[in-house]
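These notes are about the structure you will find just below.
The values are calculated or read from the model by the stated rules, or taken from the named source; none is laboratory data. As the structure is a computational prediction, the values presented were derived from the model and not from experiment. Here the Cβ positions follow ideal geometry from the backbone for every residue, glycine too, while neighbour counts run over all protein chains shown.
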Amino acid sequence: MKLRVLVWLLFATWASTTWAQVEVKDAWVRATVSQQKATGAFMSLTAAKNTRLVQVTTPVAGVAEIHEMSMADNMMRMRAIDAVELPAGKTVELKPGGFHVMLLDLKQAIKEGDEIPLTLVLEGADGKRTNQDVKVRARGIMGMGGMMNKK
């Protein structure tokens, strides 16, 4: 009986790490004000194997795009990109001022504390795509405690 339980626990541990495509930590969405039609989503991603984040979808926005902010000619620029590389075992931060997810054409205001469903579309080195659903809590501007300038 003990052996059976041990085997089951080992299998469950192996299966949970195999099925978890990417570890998602510290995920949050910036709350909006009335009439605001765009906001950002931020998180730390760690993949067990070389992976790419190629798309994000959510029912709260008409469009979700992966963006990158960078300095060029002394000016901050933001642009949509096709993917974010997630090298095996390395944490990649999606944060203000860097890679992030833009939620555009919002269908409703996002209030502090709201739980926003996101689907991360991940692509492995073999080109196979999988979806990973996450729930992300909205933070208000006042409750971000310096998150805007964190690097």
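Report the residue count in segment 1-19 for those that are assigned to a helix (DSSP H, G or I) and at pLDDT 50 or above. Talk me through it step by step, then tell me what you get.
Start the filter on segment 1-19 by keeping residues that are assigned to a helix (DSSP H, G or I), which leaves 2-19.
After this cut, where a residue has to be at pLDDT 50 or above as well, the list is 2-4.
Going through segment 1-19 one residue at a time, the tally reaches 3.
If you go through segment 98-112, how many residues are crowded, with 17+ Cβ neighbours inside 10 Å and in contact (Cβ under 8 Å) with a residue 40 or more places away in the chain? Break it down into steps so the answer makes sense when it comes.
Taking segment 98-112 first, the residues crowded, with 17+ Cβ neighbours inside 10 Å are 99-103, 106, 110.
Applying the additional criterion that residues be in contact (Cβ under 8 Å) with a residue 40 or more places away in the chain yields 100-103, 106, 110.
Within segment 98-112, residues that are crowded, with 17+ Cβ neighbours inside 10 Å and in contact (Cβ under 8 Å) with a residue 40 or more places away in the chain number 6.
Return the residues of segment 71-91 that are among the charged types (D, E, K, R), within 16 Å of residue 124 (Cα to Cα) and part of a strand (DSSP E or B); say none if nothing qualifies. Even if it seems obvious, please write down each step before you answer.
Quick first cut of segment 71-91, residues among the charged types (D, E, K, R) only: 73, 77, 79, 82, 85, 90.
In the following step, the residues that additionally are within 16 Å of residue 124 (Cα to Cα) were identified as 82, 85, 90.
Scanning segment 71-91 gives a single hit, 85.
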Of all residues in segment 20-34 being modelled with pLDDT under 95 and more than 17 Å from the chain's Cα centre (by Cα), which is surrounded by the fewest Cβ atoms within 10 Å (Cβ to Cβ)? 34
